[in-house]
1. Please identify which residues in the stretch 380-406 have an amide N closer than 17 Å to a label point set 7 Å out from the Cα of Asp263, following the Cα→Cβ vector.
2. Pairs Lys102/Lys204; Lys102/Lys208; Lys142/Lys208; Lys241/Lys414; Lys79/Lys181: which exceed 22 Å Cα-Cα?
3. Sorting check: for 188-194, 15-21, 261-267, which peptide has the highest mean count of neighbouring beta carbons within 10 Å, and how do the rest follow?
4. Need the full-extension length gain, Ile285 to Glu3, defined as separation in residues times 0.36 nm minus the C-alpha distance. One decimal, nm.
5. Checking the cross-link filter: which lysines have an alpha carbon closer than 23 Å to that of Lys7, excluding same-chain neighbours under 8 positions apart?
6. So how far, in whole Å, is the C-alpha centre of the stretch 343-398 from the one of the stretch 1-73?
7. In whole Hz, with x marking every Gly and Pro, tabulate ³J(HN,Hα) for the stretch 340-347 from phi via Karplus 6.51 cos²θ - 1.76 cosθ + 1.60, θ = phi - 60°.
Amino acid sequence: MSEVFTKWVRQLKEFWQSLDKSQKKRIYITSAIVIITVTIGTVVLTRPVYTTLISNSTQKETGEMSGILTENNIWHDVKDNGTCIIVNTKDNCKAQMVLAQKGYPKGGMTFEDAVKMIGITTTESDKKHIWKQQQANEIAKKLMAHDNVEYAEVSLALPEQSVFLTSERKEYTPTAYVMVKPVSTLSQEQVEGIVMMVSKSVEKLDPKDVTVVDNNLNVLNSHVKDNAISTVNSQEEMRAKKARELEEKVYNYFSVGQFDSFDTLRVVANPFLDFDKIKTQSKIINNPSGMDQGAVISSEEITEKSENLSRGGVPGTDTNPGETTSPGYLLGDDGESSYSLKENRRNYGYDETLKEEEKAIGSMIAERSSMAISLWYGRRVQDESKLSEELINQVRIAASTATGILVENISVNKYKLAPPESTKLRTTDKIRELVNDYGLFMLLV
């Protein structure tokens with residue numbers, strides 16, 4: 001190899017010495033031009049081209065976006081006193097995706113942007129759409145100005161108002177859709193505040209026509225007209241939650257390891273919850289503490305006695321027997337009489353206790369709840385020889401103790417698992433796997 005290289009060097013020297021001075025000069029000039037051209041082309045082709053990523057932003061948002069770009073190793077530079085960010089053109093799409101994932105830019109369309117978008121050729125329909133978008137972005141800015149809202153988007157539906165008035169014309173009713181990404185869970189008062197702020201920012205927007213959702217599409221201001229449907233849904237959710245709790249208790253009880261009598265078990269609970277509303281009021285009256293009877297509040301004693309009273313006849317006049325022509329007066333006879341009256345009246349006071357009880361809603365009724373437990377064998381435990389009635393009763397009692405469901409409402413059954421299927425690979429399948437794993441070239445080698 002060294003001899004060949006030496007031969008080439010010798011031939012090159014002989015060729016260079018055979019050239020005259022003018023030929024050597026032309027080679028110098030041509031080489032210089034080629035080197036300069038290649039250098040300039042390389043610089044031009046490899047020189048980065050910058051583009052504006054964000055403009056007219058606040059210094060706070062610019063700093064936050066700059067930190068995000070730095071974390072993702074994207075070159076950028078801040079211009080115009082911290083209101084503009086430029087990036088390499090080839091990194092523009094990546095930078096936009098990274099910022100969009102973090103919810104930036106938050107500004108949206110500003111009033112100045114809306115004015116710039118309106119030109120001579122802009123139609124009235126386009127102008128309305130631009131102003132509607134600008135209004136929605138302004139509302140979103142107001143929402144994001146609060147500490148508990150990290151990001152917000154607002155969509156407005158503003159129906160066109162017709163100049164023709166008819167008796168069947170419906171009233172102009174705009175609607176609004178608001179998506180917020182809260183820093184922490186929003187209270188109901190905060191949600192109502194968002195609704196009122198949006199409704200007051202749009203003309204003729206009723207608060208009931210504003211829908212607020214979070215970033216997980218959970219409606220935060222749900223107005224359910226049918227309370228019965230809402231109640232049924234909540235009751236079903238409580239039943240499902242209670243069923244999971246009961247099943248989890250049984251699984252936890254038997255999750256100490258492997259059993260020699262069965263391979264695994266499955267539990268299905270069917271709790272019966274009482275949703276009847278019962279409110280009881282009672283009044284309890286007792287003697288005051290340390291007393292055998294009530295405390296005397298007031299007393300009254302009446303004593304009346306009369307003596308030496310004559311006996312009287314029937315008041316008024318009456319016809320004497322045998323004298324039917326003239327009326328006469330009956331006079332009392334002389335005699336002695338006595339009258340006595342003695343009366344005591346006392347008002348007693350007692351301790352009164354007013355007791356009001358309201359039964360808890362959703363409590364489980366053990367007598368009407370049930371549970372099914374299946375014991376499976378056939379893999380590690382080959383047969384059911386150890387699944388005796390005594391063991392099944394013990395499982396039933398343990399489940400009843402763990403859940404509170406009556407023993408007679410718990411059914412325990414035993415089942416055998418099907419043996420695992422054994423599949424044999426065909427020769428073609430084996431060859432295909434080898435080719436996929438090692439490649440055809442390695443197999444041929």
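Please treat every number below as a calculation from the coordinates, not as lab data. Source: prediction; values computed, not measured. All Cβ positions, even for glycine, are placed from backbone atoms using ideal geometry, and neighbour counts span all protein chains on display.
1. The answer is 380-387.
2. Values: Lys102/Lys204 34 Å; Lys102/Lys208 31 Å; Lys142/Lys208 20 Å; Lys241/Lys414 27 Å; Lys79/Lys181 30 Å.
With Cα atoms farther than 22 Å apart: Lys102/Lys204; Lys102/Lys208; Lys241/Lys414; Lys79/Lys181.
3. Numbers: 188-194: 15.0, 15-21: 8.6, 261-267: 17.4.
Highest-to-lowest ranking by the protection proxy: 261-267, 188-194, 15-21.
4. Here the answer is 88.8 nm.
5. Partners within reach: Lys24.
6. 86 Å
7. 9, 9, 9, 9, 10, 10, 10, 9
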